[in-house]
1. When a/c reaches 1.5 or more, the comparison of a/b and b/c decides; with that in mind, is the stretch B:129-269 rounded, prolate or oblate per its Cα gyration tensor?
2. Any chance you could tell me what percent of the C-alpha pair distances in chain A go past 27 Å?
3. How many Å² of accessible surface get buried when A and B come together, counting both sides, probe radius 1.4 Å, rounded to the nearest 100?
4. Check A:ASP229: other-chain or 5+ apart residues with amide H under 5 Å from its amide H, H built from backbone geometry?
5. Could you size up the charge dipole of the protein assembly as shown around its Cα centre, putting +1 on the beta carbon of Lys and Arg and -1 on that of Asp and Glu, and report it in debye to the nearest 20?
6. By how many degrees, between 0 and 90 and to the nearest 10, does the Cα long axis of helix B:278-294 differ from the longest principal axis of chain B?
7. Enter the accessible area per residue of the stretch A:104-147 (Å², integer; probe 1.4 Å; all protein chains in place).
8. Assuming a ≥ b ≥ c are the square roots of the Cα gyration tensor eigenvalues, decide whether the stretch A:1-80 counts as rounded (a/c under 1.5), prolate (otherwise, with a/b larger than b/c) or oblate.
Amino acid sequence: MTELLRTEDLSKAFGHFIAVDSVTINFTMDTLTSIIGPNGAGKTTLINLLTGSLPMDSGRIFFKGEEITKIPTNERVKRGIGRSFQIMNIFPMLTVFQNVQIPVLSLLNKSLKFFSRLDAHREVINEVERISKEVGLWDKREVLAGELSHGDQRLLEMSIAIASQPELCFLDEPTSGMNPRERVKILENIRRLSKERRTTFIIVEHDMDVVFSLSDRIVVMHRGGIIADGKPDEIKENQNVKEVYLGEELEEEII
Amino acid sequence: MGKSMIERKGISLFGRAYGKIPTVLLLALIVFLFLLPHLVGKYVMYMTMHILILSVFSLGFNLLLGYTGLLSFGQAGFYACGAYGCAKILLVIPSLLPGIICGILFAGVFALILGFLCIRHTRIYFAMLTLCFGMMIYSLAWKWRTMTGGDDGLIGIPRAPLEIPGILSIDMSGMGNYYYFVLIVCLLAIMLLYRIVNSPFGLTLQGIRDSESRIAFTGISVKNYRLIAFTIAGLYAGLAGALIPPLENTVTPPLAHWTHSAEPVMATLLGGIYTFSGPIAGAFLFYVIKDIIVRFTEYWLIWLGAIVLALVMGLPGGVVSIFQRRLIPWIRLQFAKGSPR
Ligand SMILES: Nc1ncnc2c1ncn2[C@@H]1O[C@H](COP(=O)(O)OP(=O)(O)OP(=O)(O)O)[C@@H](O)[C@H]1O
Ligand SMILES: [Mg+2]
C-alpha cells in the first residue's frame, strides 16, 4: 500500500502539558482511518500539527516521501492535504456558493486574477455547481453561510475542504451536533468521495457507530499518545482501549 | 436561477441593496458631475473635487477594512507620499501626468515596503503599526527640510498642463479643466477598484476577512494577499494625494498626520464598510457635515467625530461592522455550544 503521510516522534506541549507525545504513525492511500480517544486526548492537536495549523515542538513529517515539517499550511494544501475543523470555520459573510468558489479558484490557480469577473471563469462555476449539488447544498447556494443551520454549516465545512481536491483529508468530528438524517448525508458523502475521487479520509469521531461502520483502520489516542492501532475488530477486543473507555465511563459515573 | 447568483456583484450582506440601485441613477449622477461646472460656482466645484479625492482615498482604505479585515491608521502617510512625490516632480517638470504617476508610484513603493512589515500582524497590532509608520512619514515630512521644505512645505507648485507630446496639450490653469481631469481620473480609479473587488482576487480577500485560518486551507498565502491589498490601498492613497498639489499649489506635513488618516476611517464608517459605494457616500457626507460645522466652531474634528460615533452606534450595520471581529466569533461560539465538542 502506498504511503501518504508519515510522522517521526511528533510532539507538542502547551506549557507543561504534553498534548501530543512523540507520535510516530503513517497513513496509507485508500485506507479510511478513524482517530478516536477521550476528550482532550490530543486528536485535534495532532491534526493541527500535521496540517501546519500549529508549530510542532519536535519531530518530522513526510508527505508522499517528501519532508514537509517546515512547510507552511497553504503549501501543504497545494501538495494535497486538506482538512475540516471541529469548531465551525467557514466564511460566514459570504454565500454558500462563494464559500466553495474560493477554494476552487485557488485550486485552478485563478485567485490572482485581478480584473476578470467572477463569472468569466466557467470551469470554476461548473466545479462549484458540481460540488454543491453533490453534497446537497445547491438549493441554498445564495444563502449566507453564517445563516445556515448547524447541519448545513457542517456540510459546507466539508465541502470547502474537499473543494481543494486533497489526496489526504482530515475531518475533525464531521458529524458533531448533527441529527441522524444529516449524519447519514455526511457519511454518504465520505464514502462516495473516497471511491470516486480517491480522497483518503482521516476522521476524528466520537460516535462509535459511525467509526466502526466506516473505518478500515482505527487509531486510539490517549493522553497525547497512541495506545492502539488496527482493524476495527482488533480494536474492539483491545484491552487497553477497553480500559481507557471504561475508565472514562467510571470517572463520569463518579462525577 | 444559477445566473442570478453568478451575476450578483459586490460584497454580500449589507451590500445586497447596492445591486438594486438602478444603473440609471448612477449614470444620472455621473452626467450631473460632468455638468456641474456649468451649474455651480467655484466653491462647490472645489468641494466636489475634494469629495472625489476623499472617495478614492477611502475606497482604497476600505479595500483593507471592509474587504480584507485590516484597519489601517496610517493611510495619510501614503497620501502624503503621493502629494510630495507629485509636487517634487511638478516643480521640476511642469507636466501633469508625470507628476501624478510618480506620486502614485512613490506611494506604492512605500506601501509595499511598510506593508511587508505590517501584514504579519492583525487587528490592534496592525492598526498600531500602521499608525506608527504613518507618523514616521509625518516626521520625515516635518524634519527633512531640504527635501520637503519642513513645516513650510512645498509651495508654488504649478497646476501644470496635461501634455502628451504630439497628441494633446490641455491647459489646466483654470479650475474647470482641472475639475474634469480630477473627475475622470477618479471615476476611472473607482471603476478599476470595482472591477478588482468583484474579481477572484477580491473574493479571496473577503475570504481572508472572514476566516484567516480557513483561507490557508484553500492554498492561499494570507500574507502575500494582504500585502497586495495593502499596496493597492497605498496606490489609491497615493493617487488621492497626488491630485492635491496641482489643486492647492502647496503641500504641507499635516497631509501625513494621523488626524488626516482618520478621514477615510470616518468617511468609511459613515458610509458603511460592507458596501462598495459606502466610502463614496461617506466622503460626501464627511464634507457636507464638516462644511456645516466649520461655520460654528473651529473644533470641527471633535464634533465630526462625535457625529460619526453617534451615527455608527445608531445604525445597526455600523455597529455590526465595527464589532464584526467580536460578534462573529461570539456567534460561532453559540453554535459550538449547541454541539458536544
Ligand atoms: N492552544 C492550546 N493551548 C493550550 N492548551 C491546549 C491548546 N489546544 C489544546 N490544548 C489542550 O490540549 C489537550 C488536547 O486537546 P485536543 O483539542 O487536541 O483534544 P481532542 O482529542 O481533540 O479532544 P476533543 O475530543 O475534546 O476534541 C486538551 O487538554 C486541551 O485543553
Ligand atoms: Mg478535538
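1. oblate
2. Tail fraction, whole percent: 38.
3. Buried surface at the A/B interface: approximately 4400 Å².
4. Those lying under 5 Å, H to H, from A:ASP229 are A:VAL220.
5. Dipole size: approximately 1460 debye.
6. 60 degrees
7. 48 Å²
8. oblate
The values are calculated or read from the model by the stated rules, or taken from the named source; none is laboratory data. Note that the coordinates shown come from a computational prediction; the quantities given were computed from them, not determined experimentally. All Cβ positions, glycine included, derive from the backbone under ideal geometry; neighbour counts span all protein chains shown. Each accessible area value is taken on the protein alone, full model and side chains, heavy atoms only, with ligands, DNA and RNA left out. Shrake-Rupley method; radii C 1.70, N 1.55, O 1.52, S 1.80 Å.
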